[in-house]
Structure formats: structure tokens, C-alpha cells
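Please treat every number below as a calculation from the coordinates, not as lab data. The shown structure was predicted, so the numbers you read here are calculated from the model rather than taken from an experiment. Using ideal geometry, Cβ is built from the backbone for each residue, glycine included, and neighbour counts are taken over all protein chains shown.
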Amino acid sequence: MTLIGETAGAPPSDAIKDGTDASFAADVLEASRTTPVIVDFWATWCGPCRQLGPALEKAVLATKGKVKLVKIDIDKNPAYAGQLRVQSIPAVFAFVGGRPVDGFMGALPDSQVKQFVDRLAAAAKGEGGDELEELLAMAKESLDLGDLGGAAQAYAQVLRADPENLKAIGGLARVYLQGGEPERAQEVLEMAPPGAKDPEIDGVRAALALAAEGASDIQGFQQRLAQDPADHEARFELAKALAARGGFAEAADHLLSIIEQDREWNDQAARKQLLTIFEAAGPTSDVAKQGRRRLSAILFS
């Protein structure tokens, strides 16, 4: 592999290197304590690896030393790939502080590869609080993309440095909640100091409360609505049942339908339940943002 030489403004000569199981501790674990390190697990027979490799190298070189890349042929070096449970390649992991904090599998478009590398480069600019903020941003992005494993790793990394970080506690609790482990989510919430307030923590608590109501007979309520679309009670109970199973978007649609037809129904029960769903989904979620726009349009039309 030919690298750009160390001319003015060029990256250091060790920005990209071929790694081995024997050199992993030094090249990745130790090196990532000072500079973020991306590990690219690949093999010579892997077509997508040949597609991804050049994009990764280009993006890393563009950071001018803020991020390093270690490429590991899993056929020759299977140990760490096995420890990281790599099941398909290409598999990419970002290490910060000696631990994996983000990653992806499969070949991505060049633009997404650049975004992935640039996030790590941005994290390298700051120390302490700035680094934690970057880790939180990476965790949130992973969570939004449905990468629960990557999000959990990043949130856990923050909590190792700051055990009472409310955003990380709330985020990790939501990871467990979305993963179908409400008991673990509750355990994580209990890590928060007594009386602590944070929108994400409040949101997970609201989601757990909705789930505790239990998922009723969805099919039965759907049949009632099919017979009478104006049956607000059936629609309301259907929304509650959907929300209990995490179907916040569909539940919000039903509640907005009730409000649109009769905003005062049952002492504004639909509106109150809708606000709880917005909180449970998260204040910055699409469910909350789009739902609030629709609610405003209904109320002020």
C-alpha cells in the first residue's frame, strides 16, 4: 500500500497501516487513547471490501492525522474479528480511548463514509467534555439509525467517564427499551441521581409507563373501528394498545384523528394521551415533531 509522503500539510505516514492480531493492542487499543482509530476488517476475496477500502483511506487521509486507519485481513488474523463478533465483511469499528464506540457493516456510499470519519475527526479536536459530547452525538445518530449495538457502546463509553451523565443514562435506557428489554431500561434509569431531570430520561419513563398499561386486544378494537369509524373509545383504546407495544407513530395518528373530529372528547383525553406519546417517543423524534405540527394545524384551523 502506497501512502502520501510527509510533505507540508500531509498526514503522518502511519495514518493508514496493515494490522495483525499481534499488533492490535498497540495499533488500535493503545493508539486510540490519543487518536481515534478506525479498524477495517476485510479479506482479499471480498468484493464490497474493495469498494469500501479506497473510500475509507481517502476520508482518513483528508483528516490530516486526526484519525488513523488499521486494515486487518481476517483470513490471516481471525482473533480480534472473532472477539468483536464480526459475522460479515467489510466490518468497520471506530475505537476511542481503547474501546469501540461506533461502527458499521457492509459497503456504504462515499458520502456516508466521509461523514463517519469526519465525526471521529471532530471528536479528536476536543478533550474531556467536548469528547463526551461527540460520543453522545455519535450514540444518538446510531440510535436514530437503529444501530442499537453501536449506540450502546458509545453511551457506555460516556458513562465510564461520567457515571452520572444524564443524556447517556437516558440514551442507554432507550437502547434497552427499543431492544425489548424494559427491565434493563428501568435498571439504567435508576443510575440517575435522585430528582434528576432530563428530557430523554423523562421520555423513557413515559414509554415504560405506557408499556406497563399492557397491550390490549388490538384486533378487537380494529374490528370495532371497521364497523364504526366514529367509535372514539375504540380508537382511543387501540392507540393505547399500540403505544404499549412501542407503535408510537400509529398511536399518534389515531389520537390525532379523534382530536380532529372532537377535540373535547372525554375531557380532552386524546390530547393528553398524545402528549404522553410525544414525551415517550422523545422530544426530537419524528413522531413528536410531525405530530406537534399536525396538532397545531388541527387546533388553530
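Things to note:
- Residues H254, H232 in ascending order of nearby Cβ atoms (within 10 Å, fewest first): H232, H254.
- Full-stretch length increase - K76, D253 - with 0.36 nm per residue and alpha-carbon distance subtracted: 58.4 nm
- Karplus-derived HN-Hα couplings along the stretch 44-56 (A = 6.51, B = -1.76, C = 1.60, θ = phi - 60°), whole Hz, x at Gly and Pro: 5, 8, 8, x, x, 5, 5, 6, 6, x, x, 5, 5
- Only alpha carbons enter this Debye calculation for the stretch 218-299, each as an equal point scatterer, and the log10 of I(q)/I(0) it gives at q = 0.13, 0.15 Å⁻¹ is -0.35, -0.47.
- Max mean-square fluctuation residue, GNM over the chain, Cα-Cα springs under 10 Å, options A226, A206, A156: A226
- In the list [x] 49, 49, 42; [y] 72, 44, 37; [z] 55, 50, 33, the label attached to Cα extents along the principal axes in Å as derived from the coordinates here is [y].
- Taking Cα atoms only, the orientation of helix 199-212 departs from the longest principal axis of the chain by about 50 degrees.
- Gain in span if fully extended, K58 to A26, counting 0.36 nm per residue against the direct Cα distance: 9.2 nm
- Of I72, I169, I277, the one that fluctuates the most in a GNM where the chain has Cα springs shorter than 10 Å: I72
- Fewest-first ranking of K68, K272, K167, using other Cβ atoms within 10 Å as the exposure measure: K272, K167, K68
- GNM on the chain, alpha-carbon springs under 10 angstrom: the most fluctuating residue among Q178, Q219, Q51 is Q219.
- Candidate lysines for bridging to K272, where Cα separation is under 23 Å - those fewer than 8 sequence places away on the same chain excluded: K197, K240, K289
- 10 Å Cβ shell holding at most 12 others, DSSP loop, chymotrypsin sites (Phe, Trp or Tyr not before Pro): longest site-free stretch of the chain: 46-299
- C-alpha long axis of helix 110-125 to longest principal axis of the chain, angle in °: 80
- For the stretch 245-258, putting each phi into the Karplus relation 6.51 cos²θ - 1.76 cosθ + 1.60 with θ = phi - 60° gives couplings of 9, x, x, 5, 5, 5, 4, 4, 4, 5, 5, 5, 5, 5 Hz, in residue order, rounded to whole numbers and with x for Gly and Pro.
- Seen through its C-alpha gyration tensor, with square-root eigenvalues sorted a ≥ b ≥ c, the stretch 16-125 comes out oblate because a/c lies at 1.5 or above while a/b is not bigger than b/c.
- Counting 0.36 nm for each residue step from W265 to D144 and taking away their Cα separation leaves a gain of 40.1 nm.
- Principal-axis analysis of the Cα atoms of the chain puts helix 286-299 at an angle of about 30° to the longest axis.
- Links that overshoot a 21 Å alpha carbon limit, given the list K17/K140; K17/K76; K140/K167; K17/K64; K64/K114: K17/K140
- Spread of Cα-to-Cα distances over 5 Å intervals beginning at zero, given as percent, for the stretch 150-301: 2, 10, 18, 19, 17, 13, 10, 7, 4, 2, 0, 0
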